[in-house]
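Read the figures in this text as sums done on the coordinates, not as results from a lab. Computed from a prediction, not measured in an experiment: that's the story for all the values here. Here the Cβ positions follow ideal geometry from the backbone for every residue, glycine too, while neighbour counts run over all protein chains shown.
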Amino acid sequence: MIDAVTSANTSKADTAGSTLAGDLDSFLLLLTTQLQHQDPLSPLEPTEFTGQLVQFASVEQSIATNKHMEDLLSVQNASLASSVVGFIGTSVEAEINNLPVQNGTAEFTYTLSDNAKNVVIAIMDDKGNIKHTKAGELAAGEHNYTWDGKDANGVQVTDGAYIVSVTPIGFTDEPVAVKTIIKANITGVNMESGSTMLDANGVAIPLDKVLTVNEKISSP
């Protein structure tokens, strides 16, 4: 994926360089022809040609600089790709609301900033259809929650990406702050969008949302 992006950028620099070289050759040919046929009694003013040569040199230098930057970016992306591949096969905790169902179950924690009189946990699919609801723990602090992957009718949902919503209401009917942290087994890495995302059965996890990385998952 990175190679494709880098190749595209490099191609732009090479194309720009080729175009500039062609324009410069045409300009020099025109200049030579005009000098050969100029009137000896009224020679051409060299100032304009000198200015254009300076412009060509400036553009050529800019293209060369861009080419060097693209090469550096390619090296940086290759290094990043090599490092993030190490996430595959690990288990992470991330502060997001997108919840992966993996091997039929999903797990997350939620932390309440204060005691609540009512907490509603809802899990929806990517179309907003509610698959599971339940009353949550009311005490302030961190609570673990594991969903068995079964909907309201007891039917097992398919593995994939879902959305978890935890809504606590305080005793004064004011919202209580809540932080949701999902747990996921990393199955891949996606770098196509220009930003690096860890993949957990279709759930995209930004690197800056990852809180912990645990040891590689042992095979059963």
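According to the calculation over all Cα-Cα pairs in segment 90-214, the P(r) per 10 Å bin from zero is 13, 42, 32, 11, 1 %. Among residues other than Val157 with Cβ under 13 Å from its Cβ, the summed charge is -2 (Lys and Arg +1, Asp and Glu -1).
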